[in-house]
Amino acid sequence: MNYYQSKQVEAKSIQEVREKVEEKLKNEGFGILTEIDIQATMKKKLDKSYPPFLILGACNPVFADKVLSIEPQIATLLPCNVVIRELEKNKFDVSLMDPSTAMSVVKNPEIEGFAEEVREKLMRALNGLS
């Protein structure tokens, strides 16, 4: 089992991809809690150039509440990261963590079913991108 799933999409900008990703995630009950702009961070901290590259911290509060109620320390594995990065002009990779794989390290059977449900929602969002 891979620790991530990905899809390549065409768009005019990373912002266009981001808007599509956020729309698909919203349809599955997710919101974006955090954003890391890798391009800006690496330029500022290391003076190194990167192509457009974002990490979005996606959260479905219903499922977050369910797993946090069972095991509060699982917060160390939240939120679900969704990565958007430019591969070449007008071509982007959208990758997301596989929650089933990430949560498997917890070894708590109560959480496994929720992780699979979240995986299914994230995969619908990813597969819905065009």
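Report the local net charge at residue 95: Lys and Arg +1, Asp and Glu -1, summed over other residues whose C-beta lies under 11 Å from its C-beta. Intermediate results must be reported in sequence, preceding the final value.
Numbers: positive: 7, 85; negative: 93, 98.
Net charge around residue 95: 0.
With every protein chain present, what is the per residue accessible area of the range 1-100 (1.4 Å probe, Å²)? If you can, show how the numbers build up before the last one.
Numbers: 6020 Å² over 100 residues.
Result: 60 Å² per residue.
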- Note, ³J(HN,Hα) from phi for the range 46-62, Karplus 6.51, -1.76, 1.60, rounded to Hz, x at Gly and Pro: 10, 6, 10, 8, 10, x, x, 7, 10, 10, 9, x, 9, 9, 9, x, 4
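When only Cα pairs under 8 Å and 6 or more residues apart are kept, what is the percent relative contact order across the chain?
Details: 207 pairs, mean separation 44.7, N = 130.
For the chain, the relative contact order is 34 percent.
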- Mean shadow area (nm²) of the C-alpha convex hull around the chain is 8.1 nm²
- Centroid-to-centroid separation of the range 108-130 and the range 28-94 [C-alpha atoms, Å]: 16 Å
- Query: Stretch residue 41-residue 124 to full length: gain in nm at 0.36 nm per residue minus the Cα-Cα span?
  - Reply: 26.9 nm
- Query: Which angle from 0 to 90°, rounded to the nearest 10, does the C-alpha axis of helix 14-27 make with the longest principal axis of the chain?
  - Reply: 20 degrees
- Query: Taking the mean number of other Cβ atoms within 10 Å as a proxy for protection, how do you rank 74-83, 92-101 from highest to lowest?
  - Reply: 92-101, 74-83
- Query: Which lysines have a Cα less than 28 Å from the Cα of residue 44, not counting those fewer than 8 places away in the same chain?
  - Reply: 12, 20, 89, 91
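The values are calculated or read from the model by the stated rules, or taken from the named source; none is laboratory data. Values in this document were obtained by computation on a predicted structure and should not be read as measured data. Every residue, glycine as well, gets a Cβ built from its backbone with ideal geometry; the counts of neighbours run over all protein chains shown. Side chains included, ligands, DNA and RNA excluded: accessible areas come from the protein's heavy atoms. Shrake-Rupley method; radii C 1.70, N 1.55, O 1.52, S 1.80 Å.
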